[in-house]
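Let me begin by presenting the structure, written as structure tokens, before commenting on it.
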Amino acid sequence: MLSVGLHTCVYLWSACNSQVVKLCDLATDGDSVTSVQWADKGDLLAVGTNKGITQIWDVHAQKRLRELTGHSSRIGCLAWNMDLICSGSRDRFIIQRDIRQPAQYAERRLNAHRQEVCGLKWSPDRQYLASGGNDNQVLVWSLRRNDPCQVYTEHNAAVKALAWSPHHHGLLVSGGGTADRCLRFWNTLTGQSLHCIDTGSQVCNVAWSKHSSELVSTHGYSYNQVIIWKYPSLQPVTKLTGHQYRVLYL
């Protein structure tokens, strides 16, 4: 099942029969969709909105289960960790909630970014959350602390692209925007900066292979490429071209 947010609507596309179903339309609320994220089990979908609301939907019943407020501006990124949903907003806050609990008892607000939060990723062991912001920072948060345990300020542009290695415990990669263009690798256990490579283009997204020590990065200005890298040599395996505009998603 693929979820797609377009303006005020969220659509679901089934790979089994190629049917498309409209899950919701926020036009009646004067709102629009700014992010979507599936829960780990694939039964729930979180929808972030321009007004700063997080909606939780049961996709099988096509029913809205929760509407979570707390942000004062758009939600640009979402990340699930079992029953926890984290939202990152233009208001600079990250809000973590347990959807099993009443909102007033299950909210944790993380405040260290100075500008919009534009990237969120949980570590494979579910103990650490990485966040990237328009303030050019990468922050790492422990599940049990309200202040970041690691702060990285080496990027020179906004950081949206984040990915944790499934092969190396504590290894995080982040990618910077147009004024930065770099992939940076961090040992989040020690705080050490491990590697930095200038990709030549804005880094829009990054993901690790589940089966080999390789990763893929997608790019915008100026080459709009998809690049596969070996790790730790950081030699490019291949560079894929063909997109005319930036490649935002993987």
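The values are calculated or read from the model by the stated rules, or taken from the named source; none is laboratory data. The model shown is predicted, which means the values in this text are computed figures rather than measured ones. Using ideal geometry, Cβ is built from the backbone for each residue, glycine included, and neighbour counts are taken over all protein chains shown.
Summary table
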{"read-out": "Any hit, the stretch 78-97, residues being surrounded by fewer than 19 Cβ atoms within 10 Å (Cβ to Cβ) and in contact with a helix residue (DSSP H, G or I) (Cβ under 9 Å, 6 or more places away or on another chain)", "value": "no"}
{"read-out": "Qualifying positions in the stretch 148-188 - part of a loop (DSSP other than H, G, I, E, B) and within 22 Å of Glu214 (Cβ to Cβ)", "value": "Ser165, Pro166, His167, His168, His169, Gly170, Arg181, Thr188"}
{"read-out": "Qualifying residue in the stretch 234-248 (condition: touching a residue at least 24 places away in the same chain (Cβ under 8 Å), farther than 25 Å from Tyr128 by Cα and exposed (fewer than 13 other Cβ atoms within 10 Å of the Cβ))", "value": "yes"}
{"read-out": "When residues of the stretch 11-42 are limited to those that are among the hydrophobic types (A, V, I, L, M, F, W, C) and within 18 Å of the chain's Cα centre (by Cα), the one surrounded by the fewest Cβ atoms within 10 Å (Cβ to Cβ)", "value": "Trp38"}
{"read-out": "Selected residue [aliphatic (A, V, I, L, M), modelled with pLDDT under 95 and surrounded by fewer than 20 Cβ atoms within 10 Å (Cβ to Cβ)] from Ala112, Ala157, Ala103", "value": "Ala103"}
{"read-out": "Neighbours by Cβ (under 6 Å, 6+ apart or cross-chain): first from the stretch 172-183, at negative phi and surrounded by fewer than 23 Cβ atoms within 10 Å (Cβ to Cβ); second part of a loop (DSSP other than H, G, I, E, B) and at pLDDT below 95", "value": "Thr178/Tyr221"}
{"read-out": "Residue list for the stretch 1-23, restricted to those being farther than 18 Å from Gly76 by Cα and hydrophobic (A, V, I, L, M, F, W, C)", "value": "Met1, Leu2, Leu12, Trp13, Ala15, Cys16, Val20, Val21, Leu23"}
{"read-out": "The stretch 4-28: number of residues that are within 20 Å of Lys51 (Cα to Cα) and either touching a helix residue (DSSP H, G or I) at 6+ places or on another chain (Cβ under 6 Å) or not aliphatic (A, V, I, L, M) (or both)", "value": "8"}
{"read-out": "Residue list for the stretch 1-46, restricted to those being of a type in the set (Val, Ile, Thr) and modelled with pLDDT of 95 or more", "value": "Val4, Thr8, Val10, Val20, Val21, Val33, Thr34, Val36"}
{"read-out": "Any pair with Cβ under 7 angstrom, 6 or more apart, that starts in the stretch 104-132 at a residue that is basic (Lys, Arg) and ends at one that is surrounded by 13 or more Cβ atoms within 10 Å (Cβ to Cβ) and in a strand (DSSP E or B)", "value": "Arg108/Gln96; Arg109/Ile95; Lys121/Ala79; Lys121/Ala130; Lys121/Leu162; Lys121/Ala163; Lys121/Trp164; Arg126/Asn81"}
{"read-out": "Residue tally, condition in a loop (DSSP other than H, G, I, E, B) and not hydroxyl-bearing (Ser, Thr, Tyr), over the stretch 98-137", "value": "19"}
